[in-house]
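Following: one structure in structure tokens, then a few remarks.
The values are calculated or read from the model by the stated rules, or taken from the named source; none is laboratory data. It should be emphasised that the depicted structure is a prediction, and the values quoted were computed from it without experimental measurement. Cβ sites come from the backbone with ideal geometry, for glycine too, and all protein chains shown count toward neighbours.
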Amino acid sequence: MIQLGGVDRSQTSQFQLWYTLGQVLVRDERDDKGIKALVRAVKESTGQPEGNSAVLELAIAYVNQSYDMACFITLLRFLRSAHPLHANLPELDSIRGHALWSVRDIVKDAFLSLAREQHAKNVVDPEIQMGLGVLLYSEAEYDRAAECFQAALSINPENAVLWNRLGSCLSNGNRPEEAIGSYRRALEIWPNYTRAVVNIGVACLNMGAHKEAVEHFLSAIGMHDGSGSRAPSKAIPRGVKSNEDIWKTLRRTFLAMDRHDLAERALAPDRSAEGFRGEGFEF
């Protein structure tokens, strides 16, 4: 049974419960379960002030898992809900059955059109910039996507998701040092943001800083099983197993270090982050 510590269910709407759970799961690298929670939140979102934000976060969760078609359709659903009076927004049914690239172009054109209208009025809408950034990221337009996330951050600088997405753009755009700065800012805002910890590890791995990469991956695993220095007391849902992908990336890092002994230990059924603390890793 997944629970959210510190949440009074009797005083919280079904929408807010599912939305909060979805946000925490996605930030904790548990995207499949996070998506299910966010889908439920969207179903309960009628009349909720944060309803459109939940739709947008669902789109981002989809792209995290490379569910691109679901992401693009969800972004269009967000536009139709948040900006129903914007001209020439396509109907959802009109794009079903189209090729992936076609749907992406249709949705991107709609976001670009609205962003240009807002720019002409000196308006920067962080949600529109976030959605556009996600679309550009999906096309590997990392520099342009980074500009969108930076624009959104100029309005909403305390949004950890935006900082993390900016970091991903910078990392994929061969700017790992800048990416790490963005990930660290995300962690300042949300200290239990497991995804940002993992992303720092990936950036370190790409720079050849293998020991630092291992320490961040072990820290993320510790956050999952409650053994790491960052391990939260209440913010992370209980009853969900640790993310296998982090262990796979950790094992790949050990192999890059020519530490086949540690790579084998990362496969053991009784593996834990604590088991590697005696190998000189600090986390």
Which members of segment 152-162 meet the condition of being surrounded by 24 or more Cβ atoms within 10 Å (Cβ to Cβ) and either of a type in the set (D, E, K, R) or more than 14 Å from the chain's Cα centre (by Cα) (or both)?
152
With respect to residue 184, is the statement that it is touching a helix residue (DSSP H, G or I) at 6+ places or on another chain (Cβ under 8 Å), part of a helix (DSSP H, G or I), basic (Lys, Arg) and touching a residue at least 40 places away in the same chain (Cβ under 8 Å) true?
no
For segment 68-82, state whether one or more residues are in a helix (DSSP H, G or I), among the hydroxyl-bearing types (Ser, Thr, Tyr), in contact with a helix residue (DSSP H, G or I) (Cβ under 9 Å, 6 or more places away or on another chain) and crowded, with 18+ Cβ neighbours inside 10 Å.
yes
I'm trying to understand the selection: among the residues of segment 105-114, which are in contact (Cβ under 8 Å) with a residue 12 or more places away in the chain and either surrounded by fewer than 19 Cβ atoms within 10 Å (Cβ to Cβ) or touching a Cys at 6+ places or on another chain (Cβ under 7 Å) (or both)?
106, 112, 113
Among 206, 174, 192, the single one that is at positive phi, of a type in the set (S, T, N, Q) and surrounded by fewer than 23 Cβ atoms within 10 Å (Cβ to Cβ) is 174
Those residues of segment 43-54 which are closer than 13 Å to residue 23 by Cβ and part of a helix (DSSP H, G or I) amount to 53, 54
Would you point out the residue of segment 105-140, among those that are β-branched (Val, Ile, Thr) and out of contact with any His (no Cβ under 9 Å at 6 or more places or on another chain), that is farthest from residue 83 (Cα to Cα)?
134
Residue 139 passes all but one of (1) surrounded by fewer than 15 Cβ atoms within 10 Å (Cβ to Cβ); (2) modelled with pLDDT of 95 or more; which number fails?
(2)
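Conditions (1) at pLDDT below 95; (2) among the β-branched types (Val, Ile, Thr); (3) surrounded by fewer than 21 Cβ atoms within 10 Å (Cβ to Cβ), marked per residue:
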| position | (1), (2), (3) |
| --- | --- |
| 89 | yes, no, yes |
| 128 | no, yes, no |
| 144 | no, no, yes |
| 183 | no, no, no |
Test set (1) touching a residue at least 40 places away in the same chain (Cβ under 8 Å); (2) more than 24 Å from residue 192 (Cβ to Cβ); (3) not small (Gly, Ala, Ser) - residue 130 fails condition number:
(2)
Failed condition for residue 90, given (1) touching a helix residue (DSSP H, G or I) at 6+ places or on another chain (Cβ under 8 Å); (2) part of a helix (DSSP H, G or I); (3) farther than 20 Å from residue 50 by Cβ
(2)
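Let's see how each residue does on (1) under 23 Å from residue 124 (Cβ atoms); (2) under 14 Å from the mean Cα position of the chain (by Cα); (3) modelled with pLDDT of 95 or more:
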| position | (1), (2), (3) |
| --- | --- |
| 164 | yes, yes, yes |
| 192 | no, yes, no |
| 199 | no, yes, yes |
| 215 | no, no, yes |
| 222 | no, no, no |
| 225 | no, no, no |
| 245 | no, no, no |
| 252 | no, no, yes |
| 259 | no, no, yes |
Take residue 119 and tell me if it is surrounded by 12 or more Cβ atoms within 10 Å (Cβ to Cβ), out of contact with any strand residue (DSSP E or B) (no Cβ under 7 Å at 6 or more places or on another chain) and more than 21 Å from residue 62 (Cα to Cα).
yes
State whether the residues of segment 147-155 include one that is touching a Cys at 6+ places or on another chain (Cβ under 9 Å) and in a loop (DSSP other than H, G, I, E, B).
no
Of (1) more than 15 Å from the chain's Cα centre (by Cα); (2) buried (at least 22 other Cβ atoms within 10 Å of the Cβ); (3) of a type outside the set (A, V, I, L, M, F, W, C), residue 51 fails just (2)
